[in-house]
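Before any comments, here is the structure.
The values are calculated or read from the model by the stated rules, or taken from the named source; none is laboratory data. As the structure is a prediction and not an experimental result, all values here were calculated from the model. Here Cβ is always computed from backbone atoms with ideal geometry, including for glycine, and neighbour counts include all displayed protein chains. For accessibility, only protein heavy atoms count, side chains too; no ligands or nucleic acids. Shrake-Rupley method; radii C 1.70, N 1.55, O 1.52, S 1.80 Å.
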Amino acid sequence: NASAVHVTIQVVEQTLVVTVRDDGRGMQPLLAAPGTGMRGMRERAAVIGARLTIDSTEPGTRVRLALPLEHTN
């Protein structure tokens, strides 16, 4: 039931941060039923060495992925 979604991509202290925020009704991420994709999203983030956080209150939900960037010389 969101009317707006905002996506932000930035680099903060050698970390790629992707944030998706909406103004919907929110949800309870820890109580999400299997198959809704939450577990899969967290597992995929872990595989690439990233951290996924989900904050949800009324109104809205924020999903944030933080991926450390490798620095090569």
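General observations
- Of all the listed residues (Arg21, Arg25), the sole one being modelled with pLDDT under 95, in a strand (DSSP E or B) and not aliphatic (A, V, I, L, M) is Arg21.
- Among (1) assigned to a loop (DSSP other than H, G, I, E, B); (2) under 14 Å from the mean Cα position of the chain (by Cα); (3) at pLDDT 85 or above - the single one Ser3 does not satisfy: (2)
- Residue that is least open to solvent (accessible area, probe 1.4 Å) [pool: residues in region 42-73 that are out of contact with any strand residue (DSSP E or B) (no Cβ under 6 Å at 6 or more places or on another chain) and within 27 Å of Ala2 (Cβ to Cβ)]: Ser56
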